[in-house]
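Below is one structure, written out as structure tokens; comments come after it.
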Amino acid sequence: MTARPTSPTPTAAPRSPRPAAAPVFGLVLAGGLSSRMQRDKATLEYRGKSQLERAVELAAKHLPEVFVSVRAGQAADPSRARYPLIVDSVPGEGPIVGIRSALAARPEAAWLVLACDLPFLSDAALSQLLAERDPAASATAFRSAHDSLPEPLCAIWEPKSAAELAAYQAADGRCPRKFLMRHGAKILEPRDRRALDNINTPDEYREALRSLVGEASAAMQLKIQYYALMREQAGRSDETLETTASTPADLYSELKARYGFTLSREQLKVAVNSEFASWSQQLAAGDSVVFIPPVAGG
Amino acid sequence: MSFRFAEHAIDTVAARAELLDPGAGGFVTFEGWVRDFNEGREVTALEYEAFQSLAVKEGARILAEATARFPVRHALCIHRVGRLALTDMAVWVGVSATHRGEAFDACRFIIDAVKHRVPIWKKEHYRNGDSGWVNCEACAAAPAHSHEAAHAHGHEPNAA
């Protein structure tokens, strides 16, 4: 059993709903065999980031510490070695081994366990899970939108589940889902229903990729008006533009490159829908944007 | 209280009439005129351009701030857009108040804030045939300047 790097154990989880609840750490499972995918699921990329990277980053936004669960032979694997690891320390196969190893490594902690094949996993889903956690149950899990069964690999496993899982495994139990159905797990209805869609086959991966890429690059139409020096440099006073820029800052970079505007962004202000706006405001389809060069009234 | 644009010469007689008030004992105006030189160059004409839908909002905010800071009766600002010749009036500010002191203070506050904050741009046409957007062309060579800094060296008004 290894939990590294060792860091001080927090005395209380800052986001736990009750003062007496165990702190929650994150555990991203990356020890699977990925047999149906025929390649390592942890390294599948979406929008330039591996599945494992995305899951760890998402969990780290909500939890004080996040570890990656690996089998003994995987600890040196470069895609995994960069993270604090929890190497399987109990015998057997499957995700229960990873969960039990984490519970053994930090007996005082609860673990938010995440599979690394959930490309649609969202902040909203993790927030709901943490907010509606029941520390008195063995685990808190979502009900799957597909088969109505509890989803063990996007769930919080409480310290008390360690002994129950050991007994379950000793009786030849292997399936964490069945475990949750038999033991006192709190089951939540997911508000973000798609968050738990997992991908197991190359076809599902291609489908998820298409869907995520489609969202990321969803182009929208914006109306741009140009004034003064910028009107002259753009050679037009307005245009309707199809763009993937999501903020005024991105939009200005795009247009500066296109028209060679000589003013730097620091010299400008920006207005969205005829009101001053921030450079990082999220733009919506149909918004009207005006860049405001240094003014000179009077 | 209102801020508006004029496409043609500002009618100061009508503007003044809007500020008449039996309770006002003082009335102060400021007129900005087109001058024949700026920053060492001979100016022959000016062109004003405004982002009017935002400018009228920002102008109204300035007038509201002025009346909140100084106890004035009425305030009005009219700004020209389009091409102006030397001696033409570019901007008119009028304030009526119970006493003259507030009227002077509010008038000064309004014209200063309008120059700083309202999205209006001025293109100067020079004797030698050149032209340039005030505060924009020189700044373009100094991209490290902040917006405020860009304003700070643009305060020498050629219409004031």
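Expressed as a whole percent, the accessible surface of the stretch A:56-183 that belongs to carbon and sulfur atoms is 55, based on a 1.4 Å probe.
Normalised by the number of residues in chain A, the mean separation of alpha-carbon contacts (under 8 Å, six or more apart) gives a relative contact order of 15 percent. Scaled to the globular estimate 2.2 N^0.38 Å, the Cα spread of the stretch A:20-132, given as radius of gyration, is 1.02. Once the convex hull of all Cα atoms in the stretch A:200-294 is built, its volume per residue stands at 108 Å³. Hydrodynamic estimate: the Kirkwood radius of the stretch B:1-117 over Cα pairs, inserted into Stokes-Einstein at 20 °C and 1.002 mPa s, corresponds to D of 147 µm²/s.
Site pair residue B:104 and residue A:200 shows an inter-label distance of 8.6 nm when each label is modelled 7 Å from Cα along Cα→Cβ.
Rounded to the nearest 0.05, what FRET efficiency do residue A:172 and residue A:288 have when you use their Cβ-Cβ distance and R0 = 56 Å? With R0 = 56 Å, the Cβ-Cβ based efficiency is 0.30. Counting only Cβ charges, +1 for Lys and Arg and -1 for Asp and Glu, the dipole size of the stretch A:69-158 around its Cα centre is about 260 debye. When the alpha carbon gyration tensor of chain A is reduced to an equivalent ellipsoid, its three semi-axes come out at 47, 20, 18 angstrom, largest first. Projecting the Cα atoms of A:263, A:226, A:277 onto the charge dipole of the stretch A:152-298, computed from C-beta unit charges around the Cα centre, puts A:277 farthest toward the positive end. Taking the inverse of the mean reciprocal distance over all distinct Cα pairs, the Kirkwood hydrodynamic radius of the stretch A:51-115 comes to 12.2 Å. Distance between the pseudo-spin-label points of residue A:57 and residue A:258 (7 Å out from Cα toward the beta carbon): 2.7 nm. About its Cα centre, the dipole of chain B is roughly 300 debye, where the only charges are +1 on Lys and Arg Cβ and -1 on Asp and Glu Cβ.
Contact order for the stretch B:1-148, expressed relative to its length and based on alpha carbon pairs under 8 Å spaced 6+ residues apart, stands at 34 percent. Using a 1.4 Å probe over protein heavy atoms, the accessible area lost on pairing A with B, summed over both chains, comes to approximately 2600 Å². Per-residue extension of 0.36 nm, minus the Cα-Cα distance of residue B:125 and residue B:35, leaves a gain of 31.3 nm for this segment.
Between the amide H of residue A:269 and those of A:292, distances stay under 5 Å, these residues lying 5 or more places away or on another chain, with hydrogens modeled in the peptide plane.
The values are calculated or read from the model by the stated rules, or taken from the named source; none is laboratory data. The structure displayed is predicted, hence computed values, not measured ones. Methodologically, a virtual Cβ is constructed for each residue, glycine included, from the backbone with ideal geometry; neighbour enumeration extends over all protein chains shown. Accessible surface is based on the protein model in full, side chains and every heavy atom, while ligands, DNA and RNA are left aside. Shrake-Rupley method; radii C 1.70, N 1.55, O 1.52, S 1.80 Å.
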